[in-house]
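Report on the following structure.
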Amino acid sequence: MKAIILAAGVGSRITDNIGPVPKSTLKINGKAIIRNTTEMLINRGIDVAICTGYRYQMIQQVLEGLPVNFYNNPFYAMMNNIGTLWFAKDFLCDDDCIIISADVVFEDTLLERIIIAEGDLLMVTDSSRTTDGDYFFSLDADGRIIEYGPELSIEKRSCEYVGLSKISRNASKAFNKQLINMVEDGDYKIYFENVFFSFINNEKYQLKTIDVSGCAWREIDKIEDYKKALTQFS
């Protein structure tokens, strides 16, 4: 199994509070968020790639000594994370691959659920969070995504998107081809999740969700999120 950690963004909603540093280098329990995530993956025998951009040297520094592959996006300021993932397109082929946003903090139990989950294309969700959050899905009875977005009305929300996804070996080439096509068509200013959404009505490769409700996780977007994570994961 492989994992790609997307860590190229500036994190503009928190920079006023933490200064010019990648938010994934913030420490919880004395260790950078991205190093803790990377070590969790490596300890399970997962091959890890880190996609960097903003202040990439700082991320490389906090990961020093770990056996990881780096893919740097020098154009991170001109594109969204679909463009960053494009730089690692060759890495994600031919194996199961987990894609992780570097600003998500989560416990090992959540990772275990993702590893054992089966399916072509899977997006990780939390059904216990439908009131407050950043991005929501509406699901059918089989866990397939019907509607999605940050503005989804509360009565339609089935779950919040956690910021992690999984591509099976079986679907990796199809996903990779779609990623390349979208970027080459000029869609490099959108989120990589749109590649997953493009498979919603695909008959060959089904897009479903993994519910990790009950597991501890938090996405660090604002300083308040970081303060809560410090308490939650202390």
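Just so it is clear, none of the values below were taken in a lab; they were calculated from the coordinates. Model, not experiment: these values are computed from the prediction. Quick reminder, even Gly has a Cβ in these numbers, built from the backbone with ideal geometry, and neighbours come from all protein chains shown.
The table below lists the values:
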item: Extension gain (nm, one decimal) between S12 and E118, 0.36 nm per residue minus Cα-Cα; result: 34.6 nm
item: Stretchable slack from D132 to F75, in nm (0.36 nm times residue separation minus alpha-carbon distance); result: 17.3 nm
item: Size-normalised alpha-carbon gyration radius of the chain, reference 2.2 N^0.38 Å; result: 0.95
item: Hydrodynamic radius of the range 77-196 per Kirkwood, over alpha carbon pairs, in Å; result: 15.2 Å
item: Packing-based ranking, highest mean first, of 18-30, 40-52 given that Cβ atoms within 10 Å are counted; result: 40-52, 18-30
item: Hz values of 3J(HN,Hα) by residue in the range 146-160 - Karplus curve (6.51, -1.76, 1.60), Gly and Pro given as x; result: 9, 9, 7, x, x, 9, 4, 4, 4, 6, 9, 6, 9, 5, 9
item: Potential extension, I200-Q57 segment - 0.36 nm per residue separation minus Cα distance; result: 47.7 nm
item: Signed unit charges on C-beta, dipole axis of the chain, positive-most listed residue S24, M78, A141; result: S24
item: Highest-fluctuation residue, E147, E64, E118 considered, GNM on the chain with Cα pairs under 10 Å; result: E64
item: Out-of-range pairs (alpha-carbon distance over 25 Å; input K156/K228; K89/K189; K23/K177); result: K156/K228; K23/K177
item: Sequence of F106, F70, F91 once ranked by neighbouring C-beta atoms within 10 Å, starting from the fewest; result: F70, F91, F106
item: Selected from I46, Q206, V162, residue furthest toward positive end of dipole (the chain; charges at beta carbon); result: I46
item: Chymotrypsin sites (Phe, Trp or Tyr not before Pro) within the range 130-194, DSSP loop, no more than 16 other Cβ atoms inside 10 Å; result: Y191
item: Neighbour cut-off at most 14 other Cβ (10 Å), DSSP loop, trypsin sites (Lys or Arg not before Pro), the range 183-222; result: K189, K204
item: In Hz, Karplus ³J(HN,Hα) per residue of the range 184-195 (6.51, -1.76, 1.60; θ = phi - 60°; x = Gly, Pro); result: 5, 7, x, 8, 9, 10, 10, 7, 5, 4, 5, 5
